[in-house]
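Below is one structure; the comments refer to it alone.
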Amino acid sequence: MKNFFKENAVLVAGIALPLMLALVFFMATRVSEGSGEPPTTAVVFTTGYYDSNVGYGFDVKDNKLVFRFNKPDYNSHMQKPRLYIYEPSKKAVREIELPDIDNTKKSASAPVPGVGKLNTLEKSPDGFVFEQGSSGGGSNLMTELFGGGSRYRNQCIMRKDVYRHVLPDVSDYSCRFIGWVVE
Amino acid sequence: MINPQNKNEALALISDIARSFDITLDEIGAYLNKNPAPEKVSKWLPRILGYLGATFVFGGLALFIGMQWDDLSSPARVIITYGPGLIAFILGIITLNDERFIRASTPLFLKSAILQPTGMFVYLHEYADGNDGQLAALLVFGLVAIQFLVTFCFYRRTSLLFFGYLFWNSAVGILMDRAGVSGEILGIGLGLSIMIVAWAMDRTPHRAIAPFWYFIGSIGLLWSIFDVVEHTALDMSYLAVATGMMFLSVRMQSRTLLIVSTGALLGYLGYFTDEYFKDVIGWPIALMVMGGMLIGISYWAVKMSRKIKTA
């Protein structure tokens, strides 16, 4: 065995290099995660929503969340987005039922009950920002060929400096921030 | 060893003669192509028809499975995808033990390399909970890589090494991604690793697959380094990287590496003129400067290619 490593030192180095990199980054990530304080502010977010002026959407008016509908000029299939709240105290994501809205009118809106007061600042009171996972890392030929597609694309995360807090039970590439629950 | 008794002895004799008369591998290849063995010429048509026939059979099977897919139960879906893959793999190993059918092993391993992972993905889709597709890919590619590489340790067939290393890289790439390695570092690390392993392969009887891995490794490495330095103060350093790779190609005796590094250098010059000269002297002059540099580099590349040929 010793002779094999001696005779094939280059081959062994080539095979070990990516494994060593994986190990180093894994340990560095664990250390940075261990050193950070987890979030305490609940966040409301949505999936399947593409920030368009027409169709279904959300507005925050006077710290209250409003679900709205603007009828488009042409007939098109309008899919309702889904609304979620992540409560760090329960470490769980819960789906919020959207109010019924009359989509035959030109425009309609209804307040979303059970959400509380929202603030739409980029940073939460405890210093976190809400991100979709793909904004964390670059992709190139190697990640596309051998990276299995970036798993971060399907994650919703809360980030504070280098500390990343992945929201549990959510796997959607279209998650979008609505607001922080402040009361 | 004037009358070699087996393949290894014949190869040793050929390499002794080549060294004595300073004959290069390219010259031997060119001579063989100029005077092809008559037996080989008469065999090309049946071989092409054989491959074509096998493709039709494979395509027909895939179409049939596709048409029946919705009517199949979960076990049937797994059996119909994984089963032929496993059988092709076993048949491939059987052919390796019989000199008459040894050439059939590569198409059989190719079929197995497509169908076995497909069958495993179908199994996970039908029976496993969760929606972590990347974890599924890590498991599947890791298991298939082990299967092919362990078999390679026993049978030393180049096709087994090729598929095994392909799946190995897929599994390692996913492992790095899950460990939190950023896209650029992943590309540099994996690209460098593939190039080193290709260099090691190039010095074995499996050198036929080395150019492919040089190609993938060098493109991945140069692409990722460019991603790191693009639009930064360090972007000039890319010139040194691409030029260094051109010199390395001569040292490693790889034309593939030379072509990729020349392409990278030309691409970099396009980026560089666009970044720094477009608004200074005017785009047309910048294009003329770039054209002059392209001619210079292509002349240099041809000169280096000759060096590889004569080395």
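What net charge do the residues around B:Leu124 carry, taking every other residue with its C-beta under 13 Å from that of B:Leu124, with Lys and Arg at +1 and Asp and Glu at -1?
Taking every other residue near B:Leu124 into account, the sum is -2.
Tell me whether the protein assembly as shown comes out rounded, prolate or oblate; compute the Cα gyration tensor, take square roots of the eigenvalues as a ≥ b ≥ c, and use a/c under 1.5 as the rounded threshold.
It is prolate, given that a/c is not under 1.5 and a/b is the larger ratio.
Apply the a/c threshold of 1.5 to the C-alpha gyration tensor of chain B and tell me whether it is rounded, prolate or oblate.
Oblate shape, in that a/c is at least 1.5 and b/c is the bigger or equal ratio.
Mind giving me the nanometre distance, one decimal, between the label points for A:Lys2 and B:Glu275, set 7 Å out from Cα along Cα→Cβ?
5.0 nm
Report the charge-dipole magnitude of chain A in Debye, nearest 20, computed about the Cα centre from +1 at each Lys and Arg Cβ and -1 at each Asp and Glu Cβ.
The dipole of chain A has a size of about 160 debye.
Enter the mean number of other protein chain beta carbons within 10 Å of the beta carbon of each residue in B:214-223, as an integer.
2
For helix A:9-35, what angle does its Cα long axis make with the longest principal axis of chain A, in degrees from 0 to 90 and rounded to 10?
Roughly 40 degrees between the two axes.
Can you give the FRET efficiency to the nearest 0.05 for B:Tyr31 and B:Arg156, using r as the Cβ-Cβ distance and R₀ = 30 Å? Don't skip to the answer; put the middle values down first.
Working: r = 27 Å, r/R0 = 0.92.
Computed FRET efficiency for B:Tyr31 and B:Arg156 comes out at 0.65.
Taking H placed 1.01 Å from N in the peptide plane, check which residues at least 5 places from A:Val182 or on another chain put their amide H under 5 Å from its amide H.
A:Lys117, A:Leu118, A:Asn119
For B:Trp213, B:Trp44, what ranking results if the residue with the fewest other Cβ atoms within 10 Å of its Cβ goes first?
Taking fewest neighbouring Cβ atoms as first place, the list is B:Trp44, B:Trp213.
What list of ³J(HN,Hα) couplings, whole Hz, do you get for segment A:101-111 from phi and the Karplus terms 6.51, -1.76, 1.60, once you set θ to phi - 60° and write x for glycine and proline?
For segment A:101-111, the Karplus curve yields 9, 7, 8, 8, 7, 5, 8, 8, 8, 8, x Hz.
What's the exposure ranking of B:Ile225, B:Ile185, going from fewest to most Cβ atoms within 10 Å?
Fewest-to-most ranking of B:Ile225, B:Ile185: B:Ile185, B:Ile225.
Of A:Glu122, B:Glu126, how do they rank once you tally other Cβ atoms within 10 Å and put the fewest first?
Details: A:Glu122 9, B:Glu126 13.
Listing A:Glu122, B:Glu126 from fewest to most nearby Cβ atoms yields A:Glu122, B:Glu126.
Using θ = phi - 60° and the Karplus relation 6.51 cos²θ - 1.76 cosθ + 1.60, list the HN-Hα couplings for segment B:86-91 in order, rounded to whole Hz, with x at every Gly or Pro.
Working through the residues one at a time gives 5, 5, 4, 5, 5, 4 Hz.
What ³J(HN,Hα) values, in whole Hz, does the Karplus curve 6.51 cos²θ - 1.76 cosθ + 1.60 give for segment B:124-135 when θ = phi - 60°, with x put for Gly and Pro?
3J(HN,Hα) across segment B:124-135, in whole Hz: 5, 5, 7, 10, 8, 8, x, 10, 8, x, 5, 5.
Tell me whether segment B:157-311 comes out rounded, prolate or oblate; compute the Cα gyration tensor, take square roots of the eigenvalues as a ≥ b ≥ c, and use a/c under 1.5 as the rounded threshold.
Numbers: a/c = 3.21, a/b = 1.42, b/c = 2.26.
Oblate, because a/c is 1.5 or more while a/b does not exceed b/c.
How big is the dipole moment of segment B:61-136 about its Cα centre under a simple scheme where the beta carbon of each Lys and Arg is +1, that of each Asp and Glu is -1, and everything else is neutral? Debye, nearest 20, please.
Values: 4 positive and 7 negative charges, 75 e Å.
Result for segment B:61-136 is approximately 360 debye, rounded to the nearest 20.
Once Lys and Arg get +1 and Asp and Glu get -1 on their Cβ, which of B:Leu49, B:Gly142, B:Ala128 lies farthest toward the positive end of the dipole of segment B:40-180?
B:Leu49
Every number here is computed from the coordinates shown, using simple stated rules; none is lab data. Being a predicted model, the structure only gives us computed values, none of them experimental. Please note: Cβ atoms are built from the backbone with ideal geometry, for glycine as well, and neighbour counts cover all protein chains shown.
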